[in-house]
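The structure appears right after this line, and notes come after that.
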Amino acid sequence: MNAVHEQAALAGADMQRHIAEARAQAPRGGKRLLECVEERCGQPPAEFTAALGAALQYPVLTMEALHQLE
């Protein structure tokens with residue numbers, strides 16, 4: 001496995017851990033799951049969205065790319 005794939009695998013594993021922990025936290029705190037995951041990751045919104053997309057293997061568009069589609 002090359003370094004890029006290793007880094008992506010580690011980031012995906014971290015995100016999966018955050019999701020699992022947030023599943024337990026969200027009902028107790030009265031928050032949505034995604035809010036809890038974002039808090040646990042502690043990343044700015046753009047980086048969080050990119051990391052979540054990578055972990056779930058979904059393509060992600062930046063706000064700039066979305067505006068260019070208009």
Let me make sure I get this right: for the stretch 14-70, a, b and c are the square roots of the gyration tensor eigenvalues over alpha carbons, sorted descending. Under 1.5 in a/c it's rounded, otherwise prolate if a/b > b/c, else oblate. Which is it?
prolate
At 15 angstrom or more along the helix axis (alpha-carbon based) and mean Kyte-Doolittle of 0.0 or higher, what helices does the chain contain? Whole DSSP H runs only.
45-56
In whole percent, how big is the carbon plus sulfur part of the accessible area of the chain, probe 1.4 Å, protein atoms only?
58 percent
Per residue accessible area of the stretch 19-70, 1.4 Å probe, in Å²
77 Å²
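The values are calculated or read from the model by the stated rules, or taken from the named source; none is laboratory data. This structure is a prediction, so every number in the text was calculated from the model and none was measured. Quick note on the areas: whole protein, heavy atoms, side chains included, nothing else; ligands and nucleic acids left out. Shrake-Rupley method; radii C 1.70, N 1.55, O 1.52, S 1.80 Å.
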